[in-house]
Amino acid sequence: RVEPLVLGIETSCDETGIGIVRGRTLLSNTIASSMDEHARYGGVVPEVAARAHLEALQPAIERAVAEAGIRLADLDAVAVTSGPGLAGALMVGVGAAKALAVSLGKPLYAVNHLVGHIAADILTADSEPLEYPTVALLVSGGHTSLLLGRDLTTDVELLGETVDDAAGEAFDKVARILGLPYPGGPQIDRAAQGGDPTAIRFPRGLSRASDREKHRWDFSFSGLKTAVARWIEQREAAGEEIPLADVAVSFREAVVDVLVSKALDACAAHGVPRLLLGGGVIANRRLREVALERAAAQGVTVRIPPLSLCTDNGAMIAGLAAELIASGRPASTLAFGADSTLPV
Ligand code: KG4
Ligand code: ZN
């Protein structure tokens, strides 16, 4: 098989990711995050993210090239996330990728961010490549999606996604309600220590029997966030103390439960014995633990790439393009643009 040397650019959210691969071999994966700049707003601010990408791109490319030990002229192709994501942020990456490809005279591949998360698995050096079909659960601050991949390059289907907040966003918003700083995921993890996960039964979004027909594999977290806010308001109004650990751990349990339940339900319904996890929320130890435990009981194998390939990164974008090239896919024409709602 061909082993193209590809540089991938990822700017769909707040991470400026540049990755370089040779076929399925990861050569470098540099990330510059604007998360710190978003911290004082309690979440990602699209304008701030776009500007940060502009500033971070050039040095990130230089660093990735140096770390990979290649010259830009050696590249066989340039790849870029064209969507889905924040429009302004995507546009910066797409513009840079076009400029780079044209100036080098190399083909350009526009790829889908979510499919890129699935491609991250191929770059995991210490394991055999993932077999297909597979279900993939992708959970980050920007998206929460359940996909069925029958073939990485030709057949990935979106089964469901969040209808409101992303799972990471729910962690961030509930952290804020609890008076904890951004990003909320690690903060809630810390606050949850020693709490009783059965103390409060928070709602599992879109999990009623009546949701099965239209939203079987969709997610909703805004009701959960509101439920946490209400619960706290009521206790405060009654002059009661807030058991922070119990609230945090009960909230986390609700998120984890609904994510894992729906992902494994999709595995069962499609007869697929494999589940791939991706996205920054996979950093959550409890999520990994529950997924591994329940999957094992159901005969499903779970794949979790290393965290540096789970969070948004350019390597997965380069890796996906390398697979597309190996499968004979022609390059994109320069006519494409950023598409914040790009379908898989
Ligand atoms: O994939 P990612 O790094 O980037 C974006 O979505 O931009 O994901 C970041 C998200 C944030 O919402 C953060 O709160 C969440 O992942 N996160 C976690 C944990 N660590 C990060 N959520 C739950 N538990 C964690 N330990
Ligand atoms: Zn992502």
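The table below gives the values:
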| quantity | calculated |
| --- | --- |
| Net charge dipole size for the stretch 106-219 [Lys, Arg +1 and Asp, Glu -1 on Cβ; Debye, nearest 20] | 440 debye |
| Residue among THR311, GLY239, ASN112 farthest towards the positive dipole end of the chain, charges placed on Cβ | ASN112 |
| Cut-off 12 Å (backbone N to label point 7 Å along Cα→Cβ of ALA269), residues of the stretch 215-230 | 215-219 |
| The chain: DSSP helices with Cα axial extent of at least 24 Å and average Kyte-Doolittle hydropathy no lower than 1.6 | 87-104 |
| Mean Cβ neighbour count within 10 Å, used as a protection proxy, ranking 253-262, 2-11, 158-167 highest first | 2-11, 253-262, 158-167 |
| Rg/Rh for the stretch 134-304, where both radii come from Cα atoms and Rh is the Kirkwood radius | 0.99 |
| Protection proxy ranking of 169-182, 56-69 - average other beta-carbon atoms within 10 Å, highest first | 169-182, 56-69 |
| Kirkwood-Stokes translational diffusion coefficient of the chain, alpha-carbon pairs, 37 °C, 0.692 mPa s, µm²/s | 160 µm²/s |
| Residues of the stretch 137-176 with amide N under 20 Å of the 7 Å Cα→Cβ point at ARG40 | 173, 176 |
| Amide H within-cut-off set for ALA79, under 5 Å, with H built and near neighbours excluded | LEU7, GLY8, ILE9, TYR109 |
| About the Cα centre, charge dipole magnitude for the chain (Lys/Arg +1, Asp/Glu -1 at Cβ), debye | 320 debye |
| Extreme residue, positive dipole direction of the stretch 134-304, given options VAL256, ASN284, HIS270 (C-beta unit charges) | HIS270 |
| Difference of contour (0.36 nm per residue) and Cα-Cα distance, GLU293 to ASP211 | 27.0 nm |
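Taken together, the values in this text are just the output of simple stated rules run on the coordinates, not laboratory data. Computed from a predicted model, the values in this text were never measured in an experiment. Glycine gets a Cβ as well: all are built from the backbone with ideal geometry, and neighbour counts include every protein chain shown.
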